[in-house]
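The values are calculated or read from the model by the stated rules, or taken from the named source; none is laboratory data. These numbers come from a predicted model, not from an experiment. Methodologically, a virtual Cβ is constructed for each residue, glycine included, from the backbone with ideal geometry; neighbour enumeration extends over all protein chains shown.
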Amino acid sequence: MSQHIDRNGLRTAFWRKTDMTDMTKAEWEALCDGCGKCCLLKLEDEDTLEIRYTTISCRLFDDKTCSCGNYALRKQMVAGCVVLTPENIDRNAHWMPSTCAYRLLHEGGDLPDWHPLVTGDANSTQKSGNAVMGQTVPEYDIEEEDYEDYTTERFA
């Protein structure tokens, strides 16, 4: 079971006809597919600026539910946490996985066919194999100098 995202009462296909800056808070939150990939630690090569994903999850990430353990206070509890907004998507989209609805829409694309807003199934991200549930290691179990050992291509 993925994180609970309320998708009730939203305008039909709002993401196709509404600019991100004009979405309601509920619509913005509903774009999240619950994959958990944004909660993975990423490494950036200082020379190439290439982003590499790891299987290491944020200390607040719950690997069993694929959700944040304290979503409301995540930014206060984890200094490096990026809270995406329509105002900051421009400078943060590159950190998001290629399948992320926020990134896809920002880049002029559409939602993937497995996205819960498309399927109507809250668990379609997991069923399609696009969630990281059960595949991560908590950051507090790994020494920072070992992060390189946990890089992966499968979540990018």
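Each residue in the range 62-100 was checked for being small (Gly, Ala, Ser) and assigned to a helix (DSSP H, G or I), and 2 pass.
Checked against the criterion of being out of contact with any Phe, Trp or Tyr (no Cβ under 6 Å at 6 or more places or on another chain), among the small types (Gly, Ala, Ser) and modelled with pLDDT of 90 or more, the candidates ALA79, ALA101 yield just one match: ALA101. Every residue in the range 12-43 that is surrounded by fewer than 12 Cβ atoms within 10 Å (Cβ to Cβ) and assigned to a loop (DSSP other than H, G, I, E, B), please. Passing the criteria: THR12, ASP19. The condition (being of a type in the set (Ser, Thr, Tyr), over 26 Å from ASN123 (Cβ atoms) and either touching a residue at least 40 places away in the same chain (Cβ under 8 Å) or touching a Lys or Arg at 6+ places or on another chain (Cβ under 6 Å) (or both)) is satisfied by just one residue among THR48, THR21, THR54, THR65: THR21.
To keep it simple, each residue is scored yes or no on (1) surrounded by 11 or more Cβ atoms within 10 Å (Cβ to Cβ); (2) aromatic (Phe, Trp, Tyr); (3) assigned to a strand (DSSP E or B).
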site	(1), (2), (3)
TYR102	yes, yes, no
LEU111	yes, no, no
TRP114	yes, yes, no
LEU117	yes, no, no
GLN135	yes, no, no
GLU145	no, no, no
ASP149	yes, no, no
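The set of residues in the range 56-94 being in contact with a helix residue (DSSP H, G or I) (Cβ under 7 Å, 6 or more places away or on another chain), within 24 Å of HIS4 (Cβ to Cβ), surrounded by 11 or more Cβ atoms within 10 Å (Cβ to Cβ) and of a type in the set (Val, Ile, Thr) consists of VAL82, ILE89.
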